[in-house]
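See below for the structure under consideration.
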Amino acid sequence: MDMSLTKIALEYALSNLDNGVVNTIIQNELGTEEKIEILKALPDERIKKILQMLGFKSDFLNTI
């Protein structure tokens with residue numbers, strides 16, 4: 001992981017913001033492809049929760 005001073009400063013700043021501000025930054029600064037890459041990097045269990053929110057059935061999700 002690249003821990004440049006810029007990234008360290010950003011991590012510090014974001015950790016001190018409320019969810020609304022963080023969500024606004026993500027919404028305005030990240031493109032669709034970047035958001036998809038972030039979601040794909042989540043652990044499998046979180047991806048399954050997202051897939052369930054998108055309408056995938058639990059029976060199917062338990063098989064993957």
Looking at the range 1-23, which of its residues are in a loop (DSSP other than H, G, I, E, B) and either in contact with a Lys or Arg (Cβ under 6 Å, 6 or more places away or on another chain) or surrounded by 12 or more Cβ atoms within 10 Å (Cβ to Cβ) (or both)?
Leu17
If Ile26 satisfies every condition in (1) surrounded by fewer than 11 Cβ atoms within 10 Å (Cβ to Cβ); (2) part of a helix (DSSP H, G or I) but one, which is the exception?
(1)
Top-ranked residue in the range 29-64 [being outside any helix (DSSP H, G or I) and of a type outside the set (A, V, I, L, M, F, W, C); ranked as surrounded by the most Cβ atoms within 10 Å (Cβ to Cβ)]:
Lys57
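Every read-out reported here was derived from the displayed coordinates using simple, explicitly stated rules and does not represent laboratory data. All values derive from a computational prediction rather than experimental measurement. Here Cβ is always computed from backbone atoms with ideal geometry, including for glycine, and neighbour counts include all displayed protein chains.
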